[in-house]
Amino acid sequence: MSMTSARIVVPKTAKRGEVVEIKTLIKHPMETGYRRDHRGQVIPRHIIQRFVATYNGEEVFSADLTQGVAANPYFAFPLRVEESGEITFTWTDDRGSTHTEKAEITVA
Amino acid sequence: MSKSRGEGLSRRQVAAGIVAVALVPLAAGSRAAVAGDQISTALEKITGGAPVTEGRVKLEISSLAENGFSVPLTVSVDSPMTADDYVKTIHILSEKNPVAEVVKFNLSPRMGRAKVSTSIRMADTQRVLAVAEMHDGSFWSAEAHVIVTLSACIDGG
């Protein structure tokens, strides 16, 4: 399954030195690998394993996930912005599928 | 839950362990290890046996979760988040989920504040431990107990 649907909330503008809140959500089943289908077959594990946020190319926050994270993983975290630039978000699942979102922030 | 609990420890052994721990005078740093065997094992891997002190970490999670499939939590750590004083990682550990480690957050001084929110699955009524590793290698923790009405992992996703 490809990961195509993600939502991110990043302020368009901020003051220099301001700590802004960033919110991300991606549609993903986070299949645990413990469930069985109606024929009794184990449904294979399928989870996002890693989430990375970068700010002008530098990693600022990341998460290593297990089956314990709820479906459609949601993360909210702060970021202190010192200059205008690009914030990127990348999710990678255990089938090697990745999804990237980008946002621009203007710092006055 | 489809994985057996206790990891080979009998109920009696676990009970004996709890009693043994309870008999030891409680230093501030020893509280975290009481949370449950699965948590203790995971904690040992994370800290390599270094002491974990209760404090500096705040774990906000509902004490009564009606839906174990998605339980919101926010973890924050008292830290200035500067280049020479910051939180490196925060681990969320569960006492009774099939996998003890729920999620690991890797933080950086660029965040400005040490505060992260997410939603987790909870297989059962249980304790949750948040452990933060500081830049200086010290470990701090906060614990919460959550009653789960509808368990994750029984069926459905």
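The values are calculated or read from the model by the stated rules, or taken from the named source; none is laboratory data. Keep in mind the model is a prediction, meaning the values are calculated, not measured. Glycine also receives a Cβ, built like all others from the backbone with ideal geometry; neighbour counts cover every protein chain displayed. With ligands, DNA and RNA removed, areas are computed over all heavy atoms of the protein, side chains included. Shrake-Rupley method; radii C 1.70, N 1.55, O 1.52, S 1.80 Å.
Are there trypsin sites (Lys or Arg not before Pro) in segment B:54-143 that DSSP marks as loop and that have at most 10 other Cβ atoms within 10 Å, and which are they? Sites meeting the loop and neighbour criteria: none at all. Each Lys or Arg adds one and each Asp or Glu takes one away; over the other residues whose Cβ falls under 13 Å from the Cβ of A:LEU65, this sums to -1.
Take every Cα pair under 8 Å whose residues are at least 6 apart in sequence, average their separation, divide by the length of chain A, and the relative contact order is 33 percent. Solvent exposure of segment B:26-148 amounts to 39 Å² per residue of accessible area, where only protein heavy atoms count and the probe is 1.4 Å. Report, in whole Å, the centroid distance computed from the Cα atoms of segment A:1-38 and segment B:63-101. So the two Cα centres are separated by 17 Å. The loop-placed trypsin sites (Lys or Arg not before Pro) in segment A:35-97, going by DSSP, that have at most 10 neighbouring Cβ atoms within 10 Å of their Cβ come out as A:ARG39.
At 7 Å along Cα-to-Cβ for each site, give me the label-to-label distance between A:LYS15 and B:THR74 in nm. Result: 2.1 nm between the two label points.
Apolar share of the accessible surface for segment B:37-133: 46 percent from carbon plus sulfur atoms, 1.4 Å probe. Shape class for segment B:26-148, computed from the alpha carbon gyration tensor (a ≥ b ≥ c): oblate, with a/c not under 1.5 and a/b at or below b/c.
Within the same chain, aspartates and glutamates fewer than 8 places from B:LYS115 are excluded, and of the rest, those with a Cα less than 14 Å from its Cα are A:GLU21, B:GLU60, B:ASP78, B:GLU133.
Electrostatic bookkeeping for A:VAL107 treats Lys and Arg as +1 and Asp and Glu as -1; over the other residues with beta carbon under 11 Å from its beta carbon, the sum is 0. Compared with the rule-of-thumb size 2.2 N^0.38 Å for a compact globular protein, segment A:6-107 has a Cα radius of gyration ratio of 1.27.
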